[in-house]
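Values quoted throughout were computed directly from the atomic coordinates according to the rules given, and no laboratory measurement underlies them. For clarity, every value in this text was computed on a predicted model and none was experimentally measured. Glycine also receives a Cβ, built like all others from the backbone with ideal geometry; neighbour counts cover every protein chain displayed.
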Amino acid sequence: MGVAPLLDLEDLNVHYGAIWALKGINLTVGEGEIVSLIGANGAGKSTTLRAISGVIKASSGGISFQGEDITKVPAHDVVKMGIAQVPEGRRVFANLSVLENLELGAYIRKDTKGIKQDLDDVLDRFPRLQERIGQVAGTLSGGEQQMLAIGRALMTRPKLMLLDEPSMGLAPLLVKEIFSIIEEINQEGTTILLVEQNARMALQVASRAYVLETGRIVLDGPAKELAQNEDVKKAYLGG
Amino acid sequence: MQDLLQQLLNGLSQGSIYALIAVGYTMIYGIIQLINFAHGDVIMVGAYVALGAALMGFGFIPSLILAMITCAILGVVIERVAYRKVRPVSRLAALTSAIGVSLFLQYTMMYFLGADIRSFPADILPERTYTLGGVIVTNKDLLVLGTTLVLVIILQFIIFRTRTGKAMRAVSFDGQAAQLMGINVNYTVAFTFFIGSAMAAAAGMLYGICFNVQPLMGLMPGLKAFIAAVLGGIGSVPGAMLGGILLGMTESLVAAFGGSMYRDAVAFIILILILLIRPTGLLGKGVQEKV
Ligand SMILES: Nc1ncnc2c1ncn2[C@@H]1O[C@H](COP(=O)(O)OP(=O)(O)OP(=O)(O)O)[C@@H](O)[C@H]1O
Ligand SMILES: [Mg+2]
């Protein structure tokens with residue numbers, strides 16, 4: 001390998017009170033990659049992303065980003081370092097307008113020109129948001145909210161984007177669209193860590209993948225190989 | 001008819017004081033889902049600070065500003081010391097802590113300044129009255145209405161036009177998602193206490209000028225403003241203003257036409273009725289959109 005990974009989780013443990021949600025996770029994401037993290041409900045996928053973003057604190061183990069230890073960095077500063085998250089269930093600010101949601105994505109930034117540029121780019125990428133720019137986000141459809149959540153994360157200008165089940169509850173056509181947008185974003189230089197229930201799609205777009213089961217990584221490797229793995233096929237690809 | 005107008009005017013003036021207090025309740029509730037029971041006592045502290053300043057010869061506006069700044073800082077300190085650590089534990093713990101702060105403020109004031117009822121010096125506002133079509137308007141009314149109007153406009157500007165205001169709205173909707181935008185939730189909560197408590201101080205000064213100043217003075221207006229906030233839909237700033245004005249007017253009408261004995265009872269009856277008929281209040285959200 002030689003080059004240090006962009007993101008490196010080492011023996012990461014996370015507890016929710018008495019619940020031991022992550023039991024010593026090791027995971028790396030290299031610069032420019034798309035890495036998928038798949039697993040059943042309750043496996044700890046969202047917890048992994050929450051720990052990286054600093055929303056929940058690790059009980060032991062370490063997280064480093066660009067070689068810097070970020071295990072104890074508060075969530076609002078993690079964003080400033082270049083890690084954006086599109087959380088599970090979108091979590092758009094339903095009481096705010098589409099524009100205000102996007103502006104909040106740029107909350108940490110001061111470069112007015114760059115913000116304007118990125119806003120235009122996001123609206124170009126998601127014309128449907130452009131049409132609904134003044135509308136309150138709560139009135140958007142599920143798919144539009146997902147676009148808004150992705151757009152909002154893009155507005156932070158991340159180096160690494162964490163996506164938590166972006167295809168959840170979307171019609172097949174929209175799922176395809178979202179995945180191709182994720183690939184586009186990656187090609188433009190943003191590294192991606194993707195959590196998905198839709199293992200088939202997740203393994204298609206990723207270069208590498210990890211399989212999480214009740215808080216432990218049970219498999220990892222190139223996504224193409226995992227897609228051929230008998231256990232993975234049985235458990236996550238419907239036989 | 002003139003009588004009615006007169007009562008409505010009195011109610012408007014009283015109601016705008018409630019409104020100033022209620023916005024603080026509602027903003028703080030909106031952002032951390034805590035009924036800040038100490039809010040009424042912040043009013044009292046504000047009134048004393050303003051009174052002290054007035055007695056030292058400061059005019060209305062400097063006294064007002066001094067009281068607002070002092071209480072804004074007091075609000076931040078209260079949040080930091082008494083709420084921040086207990087908030088994540090449980091709501092009941094935070095509520096209990098709030099009641100503790102309330103009693104602490106009341107009895108600290110009583111200890112140091114005694115329970116005497118004090119009044120603002122008359123020269124802070126030499127009484128003048130105007131007659132408008134038979135309705136008597138005092139300069140006190142104008143002062144209360146004017147101050148409230150200015151403060152409410154500033155508040156609206158902060159909430160809807162500034163970056164921090166946007167952060168406040170984001171945090172009150174979804175704190176965790178706000179963190180993911182790089183918003184410092186603790187700072188935003190502290191800022192909300194800062195603003196809410198400054199508003200309370202202004203209300204305290206106005207209340208003190210209209211009535212008097214004593215250590216337990218915050219209790220009744222605090223409770224009434226709480227009712228106003230629930231009436232308008234707790235968490236909603238326009239709701240709190242509307243609730244305050246409506247409550248003030250209702251009270252004033254009841255006092256004039258039903259007897260002042262019933263005035264306070266009516267406020268509480270309104271609260272119970274609202275909770276029965278429309279639990280989310282007049283401008284409240286149908287469902288709490290908390291995740
Ligand atoms: N706030 C919380 N408090 C207590 N336990 C929690 C909390 N959040 C998650 N857990 C527990 O931690 C474990 C991992 O949850 P997590 O949300 O990370 O799973 P997931 O893999 O994202 O599942 P899904 O696919 O359903 O989203 C689960 O057993 C869950 O019950
Ligand atoms: Mg999840």
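Results, tabulated for the structure shown:
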quantity	calculated
Gaussian network model of chain B, springs between alpha carbon atoms under 10 Å - residue of B:ILE234, B:ILE73, B:ILE61 with greatest fluctuation	B:ILE61
Per-residue mean of C-beta atoms belonging to partner chains within 10 Å, peptide A:146-155	1
Lysines whose Cα lies under 24 Å from that of B:LYS224, excluding same-chain neighbours fewer than 8 positions away	B:LYS140, B:LYS285
Backbone HN-Hα couplings from phi across the stretch A:169-174 [Karplus 6.51/-1.76/1.60, Hz, Gly and Pro as x]	x, 9, 5, x, 5, 5
Gaussian network model of chain A, springs between alpha carbon atoms under 10 Å - residue of A:PRO172, A:PRO222, A:PRO87 with greatest fluctuation	A:PRO172
Segments A:107-116, A:122-131 sorted - mean Cβ within 10 Å per residue, highest first	A:122-131, A:107-116
Distance from the stretch B:135-159 to the stretch A:188-231 (C-alpha centre basis), Å	61 Å
Relative contact order of chain B, defined on C-alpha pairs under 8 angstrom at six or more residues apart (%)	37 percent
Charge dipole (the protein assembly as shown, unit charges on Cβ, about Cα centre) - positive-most of A:GLY54, A:THR139, B:GLY165	B:GLY165
Computed lengthening from B:ALA122 to B:ILE158, 0.36 nm per intervening residue step minus Cα-Cα distance	9.6 nm
MRE, 222 nm, helices only [DSSP H, n ≥ 4, -39500 (n - 2.57), over chain A, to nearest 500]	-11000 deg cm²/dmol
Charge dipole (the protein assembly as shown, unit charges on Cβ, about Cα centre) - positive-most of A:THR28, B:PHE112, B:LEU206	B:PHE112
For B:GLY218, residues with placed amide H under 5 Å, excluding near neighbours	B:MET44
Value at 222 nm in deg cm²/dmol, rounded to 500, when DSSP H runs of n ≥ 4 in chain B each add -39,500 (n - 2.57)	-24000 deg cm²/dmol
Phi-based couplings in Hz for the stretch B:123-140 (Karplus 6.51, -1.76, 1.60; Gly and Pro marked x)	7, 5, 7, x, 4, 10, 10, 10, 10, 10, x, x, 8, 8, 10, 9, 5, 4
Residues with amide H under 5 Å from that of A:GLU213, placed H, sequence gap 5 or more	A:VAL218
Using a Förster distance of 25 Å, the FRET efficiency for A:GLU177-A:ALA40 (Cβ separation, nearest 0.05)	0.45
Gap separating the Cα centres of the stretch A:56-100 and the stretch A:1-41, nearest whole Å	14 Å
The stretch B:277-285 - phi-based ³J(HN,Hα) in whole Hz, Karplus 6.51/-1.76/1.60, Gly and Pro as x	7, 9, x, 8, x, 4, 10, x, 6
Cα lying deepest toward the dipole's positive end in the protein assembly as shown, options B:PRO88, A:MET201, B:ILE183, charges on Cβ	B:PRO88
Stretchable slack from B:GLN6 to B:CYS210, in nm (0.36 nm times residue separation minus alpha-carbon distance)	71.8 nm
Percentage of interatomic Cα-Cα distances in the stretch A:7-236 larger than 31 Å	19 percent
Shielding by other protein chains, A:93-99, mean Cβ within 10 Å	4
Assigned charges on the beta-carbon of Lys, Arg, Asp, Glu; the stretch B:93-220 dipole about Cα centre (debye)	400 debye
Size of charge dipole - chain B - debye, nearest 20, with Cβ of Lys, Arg +1 and Asp, Glu -1, no other charges	900 debye
Assigned charges on the beta-carbon of Lys, Arg, Asp, Glu; the protein assembly as shown dipole about Cα centre (debye)	640 debye
Most mobile listed residue (B:THR164, B:THR192, B:THR250) in chain B, GNM with C-alpha springs under 10 Å	B:THR164
Eligible lysines near A:LYS234 by straight Cα distance, threshold 30 Å, same-chain separation 8 or greater	A:LYS23, A:LYS45, A:LYS176, A:LYS224
Net lengthening on full extension, B:PHE58/B:SER260 (0.36 nm per residue, minus Cα-Cα)	69.2 nm
Long-range amide H partners of A:GLN85 with built H, under 5 Å	A:LEU162
For B:179-191, mean number of other protein chain Cβ atoms within 10 Å	6
